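The values are calculated or read from the model by the stated rules, or taken from the named source; none is laboratory data. Because the structure is predicted, anything quoted here is derived from the model rather than measured. As a convention, Cβ positions derive from the backbone with ideal geometry for all residues, glycine included, and neighbour counts pool all protein chains shown.
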Amino acid sequence: MDTADGKVNRREFLHKSMVVAAGSAALRNTALSYSRIAGANDRISLGHIGIGNRGSELDGIVARLKDTKNVEMTAVCDLWTHNLERAVGANEKRYGKTPRALRHPEELLALKDVDAVLISTPEHSHSPILKVTAEAGKDAYVEKPMGNVLEEAKAARDAVLSRNLIVEVGTQHRSEPYQIAVRDQVRSKVLGEVSKYEIEWNYHGPRWRGRPEVKMIREADTDWHAWLMTKPARPFDPQLYFEFRLYREFSSGISDQWMSHGIDLCHFFLDMNAPDSVVSNGGIFAWHDGRENPDTCQALFTYSPGLLVSYSTSFGNDSPSFTRIMGKNATLMNIGGEGSPRWQIVEEKGNHEDDPTVDQRRRVKDVLLKGETSLPPTFIGDEDPSHMSNWLDCLRSRKEPNATVRHGFSHSVACIMATRAYWSGKRIYWDPKEETILDHAPTV
């Protein structure tokens, strides 16, 4: 619909309607949520917006915790009829009740008895939906990246913080026992001064291309204009709908989906926020299938007071992935890449070639949990319940969760900077005072 002839753009109308409704209901909904979940015996009523593949996994994790955490999925929401019907059926089996089925987020957010909301929509809509969820006074679990447009990520963060809501961002490694053990090792200063951090994560295949849902969906079974959210109108495109990570306007691909995890773990381990600067390079070298985002890329970040972080991915080769944190006293080495529980500390002996009496062997020590005697498998899986469990506990305690919107904003900034550096071919800088991205170093 064209606003030039006096008609109101449908997306603008929906957005304004959601904001107005949220604003008028925010205080009463917040008070209602707090009163409903204040006691340990009160069941938490959850709603879920966006229930595709990852959303279905999150639904399953919640269901595994439904008794120990006293929660119930009472409402599900998805624009595509197939996803919505599947979610209704799955949750009916899990809880013995039929959840309310809603197509649009604003319908779910208007439900007064829903205490908190899960958001697992496509990446371009994470921040906009989180913002209106906060304006409706509801706590949330939002998938990563928290945002891929700086202004939208900032607005979502501010909406949450101004209302003191409990929001967990889906960088789940922050809650995993092995990663917490590594953080404790780093903060014990066993590594000494850390100057370099390397992340390598590879995959052999046309990642995100070839989704079977592309051939299943019909435009009549969804709301294409609502799916576009803040993006300009365009003809219905089923490939874009499901393979959005390949298209520049909706996702950065590798940065949004994979590097967000890796750089967030770096921030977690070293207690850092957004980088000072970044350069990035790569291209479409392996899969010439119409994708816009690179299938091979590398980014180099600098952090104050002196740290170089390297992130690299190739979709044309499955060379072993790893993370390596390099300090003057020792190196923490991850076997298997981002999120793997297999960590070892390698003691740094230094260069003693001129002194043959010095033992050149390096001592290797496994990072194990209490009671363990050997390293676990390389990959535990995305269905570890620890992160969801943390969020559900925090809904009752009102304590900050392990992955806050501040953490989500920091990893979003890093990914947005890397993406801008890739497309511009320039070194990109972060101004922490003004919270802006620059193509020149900020003035002191």
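The sole residue among Glu85, Glu107 that is modelled with pLDDT of 95 or more, under 18 Å from Ile129 (Cα atoms) and more than 24 Å from the chain's Cα centre (by Cα) is Glu107.
Filtered by the rule that a residue be over 19 Å from Ala156 (Cα atoms) and touching a helix residue (DSSP H, G or I) at 6+ places or on another chain (Cβ under 6 Å), region 396-423 gives Arg396, Ala418, Thr419.
Reported count of residues in region 63-78, each being part of a loop (DSSP other than H, G, I, E, B) and either at positive phi or crowded, with 22+ Cβ neighbours inside 10 Å (or both), is 2. The residue pairs whose first member lies in region 183-203 and is under 19 Å from Gly337 (Cα atoms), whose second member is among the charged types (D, E, K, R) and surrounded by 12 or more Cβ atoms within 10 Å (Cβ to Cβ), and whose beta carbons are closer than 6 Å, counting only pairs six or more residues apart or on different chains, are Glu198/Arg324; Trp201/Glu338. Restricting attention to region 136-159, the residues being under 19 Å from Leu111 (Cα atoms) and crowded, with 24+ Cβ neighbours inside 10 Å number 6.
Sub-6 Å Cβ pairs linking a first residue in region 273-292 that is over 13 Å from Phe315 (Cα atoms) to a second residue that is part of a loop (DSSP other than H, G, I, E, B) and among the polar types (S, T, N, Q), at least 6 apart or interchain, are Asp276/Ser304, ordered by first then second residue. When you scan region 311-325, do you find a residue that is in a helix (DSSP H, G or I) and modelled with pLDDT of 95 or more, even just one? No, that holds for no residue. Annotation: of all residues in region 387-419 being under 29 Å from Tyr303 (Cα atoms) and among the hydroxyl-bearing types (Ser, Thr, Tyr), the one that is surrounded by the fewest Cβ atoms within 10 Å (Cβ to Cβ) is Thr404.
Total residues in region 91-123 satisfying the condition of being farther than 11 Å from His48 by Cβ and part of a helix (DSSP H, G or I): the figure is 8.
Every residue, every condition in (1) modelled with pLDDT of 95 or more; (2) closer than 21 Å to Phe379 by Cβ; (3) in the same structural domain as Val346 (by TED's automatic domain parsing); (4) assigned to a loop (DSSP other than H, G, I, E, B), yes or no:
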{"site": "Gly192", "(1), (2), (3), (4)": "yes, no, yes, yes"}
{"site": "Lys196", "(1), (2), (3), (4)": "yes, no, yes, no"}
{"site": "Pro232", "(1), (2), (3), (4)": "yes, no, no, yes"}
{"site": "Glu249", "(1), (2), (3), (4)": "yes, no, yes, yes"}
{"site": "Met259", "(1), (2), (3), (4)": "yes, yes, yes, no"}
{"site": "Ile263", "(1), (2), (3), (4)": "yes, yes, yes, no"}
{"site": "Phe268", "(1), (2), (3), (4)": "yes, yes, yes, no"}
{"site": "Val278", "(1), (2), (3), (4)": "yes, no, yes, no"}
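One line per residue, one yes/no per condition, for (1) assigned to a loop (DSSP other than H, G, I, E, B); (2) more than 25 Å from Ile345 (Cβ to Cβ); (3) outside the structural domain of Gly337 (by TED's automatic domain parsing); (4) among the β-branched types (Val, Ile, Thr):
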site: Arg362; (1), (2), (3), (4): yes, no, no, no
site: Lys365; (1), (2), (3), (4): no, no, no, no
site: Lys370; (1), (2), (3), (4): yes, no, no, no
site: Thr373; (1), (2), (3), (4): yes, no, no, yes
site: Cys394; (1), (2), (3), (4): no, yes, yes, no
site: Lys399; (1), (2), (3), (4): yes, yes, yes, no
site: Ala414; (1), (2), (3), (4): no, yes, no, no
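When region 293-306 is limited to residues that are free of Cβ contacts under 8 Å to residues at least 40 places away in the same chain, under 26 Å from Ala441 (Cβ atoms) and under 23 Å from the mean Cα position of the chain (by Cα), the one that is surrounded by the most Cβ atoms within 10 Å (Cβ to Cβ) turns out to be Tyr303.
Residues that are of a type in the set (Phe, Trp, Tyr) and closer than 19 Å to Gly55 by Cβ within region 166-180 are absent altogether. Taking region 124-172 as the range and being closer than 29 Å to Leu438 by Cα and among the basic types (Lys, Arg) as the test, the residues that pass are Lys131, Lys144, Lys154, Arg157. A residue that is out of contact with any Ser or Thr (no Cβ under 9 Å at 6 or more places or on another chain), outside any helix (DSSP H, G or I) and farther than 29 Å from Thr296 by Cβ occurs nowhere in region 206-215.
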